[in-house]
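Structure, as C-alpha cells:
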Ligand code: NAD
C-alpha cells in the first residue's frame, strides 16, 4: 500500500486516465477525492469521495482543494483541439489554456499552503508527448498548451524544492480513452484514423489508461521522493 494515509485530489477523474488513476491510487490505500465536470461519470467510481467539479470555475476549484487539504494533487483535466495555426480560433485557444494550464495553476495555488504547513506534498500534472517534447501535425493549440503544462510543473518544482513539495508531470503518447475514441469517430473514417494513430506509436499499439495510472501512482508515492521537476514520457517509444 504505497499511498496509505495520503489524501489525493484528482481532477477530471470521470473517464480515461483520470478515472484509471483515481482507482489505482485508491487501490494503493489513498483517500481519493475524485472530481469531474460530469456527475454521471462518478456515480460508479468506488473511491473515498467523488463529486462534480468544473475546473474552469475558479472559486469552486479553490474551495474544493482547500477543503480537501490533499497530500497529493493530480491535475488531469485537458482538451485536445485538432488543427493548424490557420484553423485556430481565440476561443479554442483560450479553452485549451484554461483547461490544460490555468486550472492546474489554480488547483496548485490552493493546495500549496497546506502542503507547506505539513512540509510535504506531491503534484502530478498530465501533459503530453505533443508539447515541448515533440511537435505533431494538426495539434497547434494542444501542443502549445501542453508545453505550458510542462513549464508550469518545472516552475512549481523549482520554487518549493527545499520545502517538501515535489511537482512532476507525465507525457503520455496516444492512449485509448473515451475522448480518443471520440476523436477517431469524428474523423468520419474510424478505421483509417485508428491506423494513423497506431502508426505514430513505434511500439505498434496505443497505450492504456491503466498503464498511465501506474506512473501516476509512482510519482504520487514516496518511492519518488528524490524526483521533482521532471516530465516522464510514457509513449510507446514516440520520444525515444
Ligand atoms: P478523457 O478526455 O477521455 O476524459 C476527460 C474527462 O475530463 C472527462 O471525464 C470529462 O468529463 C472531464 N472534464 C472535461 N471538462 C472538464 C472540466 N471543465 N472540469 C472537470 N472535468 C472536466 O480523458 P483522457 O483522454 O484520459 O485525457 C486526460 C488527460 O490526459 C488530458 O489532460 C489529456 O490531454 C491527457 N492526454 C491524453 C492522451 C490520450 O491519448 N488520451 C494523450 C496524452 C495526454
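The values are calculated or read from the model by the stated rules, or taken from the named source; none is laboratory data. What you see is a predicted model, and the numbers here were worked out from it, not measured in a lab. Positions of Cβ are generated from backbone atoms using ideal geometry, with glycine treated the same way; all protein chains shown enter the neighbour counts.
General remarks:
- Test for residue 101: is it touching a residue at least 40 places away in the same chain (Cβ under 8 Å), within 8 Å of the ligand (Cβ to nearest atom) and over 24 Å from residue 222 (Cα atoms): no
- Matching option when the condition is over 17 Å from the mean Cα position of the chain (by Cα), free of Cβ contacts under 8 Å to residues at least 60 places away in the same chain and closer than 22 Å to residue 82 by Cβ, among 176, 196: 196
- All positions within region 50-62 that are away from the ligand (no atom under 11 Å from the Cβ) and in contact (Cβ under 8 Å) with a residue 24 or more places away in the chain: 50, 58, 62
- Unmet criterion (only one of (1) within 12 Å of the ligand (Cβ to nearest atom); (2) under 17 Å from residue 130 (Cα atoms); (3) touching a strand residue (DSSP E or B) at 6+ places or on another chain (Cβ under 7 Å)) for residue 153: (1)
- Unique match (being exposed (fewer than 14 other Cβ atoms within 10 Å of the Cβ), within 16 Å of the ligand (Cβ to nearest atom) and farther than 19 Å from residue 21 by Cα) among 113, 178, 202: 202
- Members of region 24-49 that are out of contact with any strand residue (DSSP E or B) (no Cβ under 8 Å at 6 or more places or on another chain) and touching a residue at least 40 places away in the same chain (Cβ under 8 Å): 24, 28
- Residues in region 45-74 that are assigned to a loop (DSSP other than H, G, I, E, B) and within 25 Å of residue 165 (Cβ to Cβ): 47, 48, 53, 55, 56, 57, 69, 70, 71.
- Elements of type helices (runs of 4 or more DSSP H) contained in region 167-240, each with 1 or more residues being modelled with pLDDT under 95: 178-186, 190-200
- Subset tally (residues that are farther than 24 Å from residue 12 by Cβ and either within 16 Å of the ligand (Cβ to nearest atom) or exposed (fewer than 14 other Cβ atoms within 10 Å of the Cβ) (or both)) for region 156-175: 5
- Within region 16-44, considering residues that are in a loop (DSSP other than H, G, I, E, B) and crowded, with 17+ Cβ neighbours inside 10 Å, the one nearest to the ligand (Cβ to nearest atom): 37
- Scanning region 76-88 for residues that are more than 8 Å from the ligand (Cβ to nearest atom) and either modelled with pLDDT of 95 or more or touching a helix residue (DSSP H, G or I) at 6+ places or on another chain (Cβ under 6 Å) (or both) yields 81, 83, 84, 85, 86, 87, 88.
- Residue, nearest to residue 21 (Cα to Cα), within region 116-137, restricted to residues that are more than 9 Å from the ligand (Cβ to nearest atom) and in contact with a strand residue (DSSP E or B) (Cβ under 6 Å, 6 or more places away or on another chain): 124
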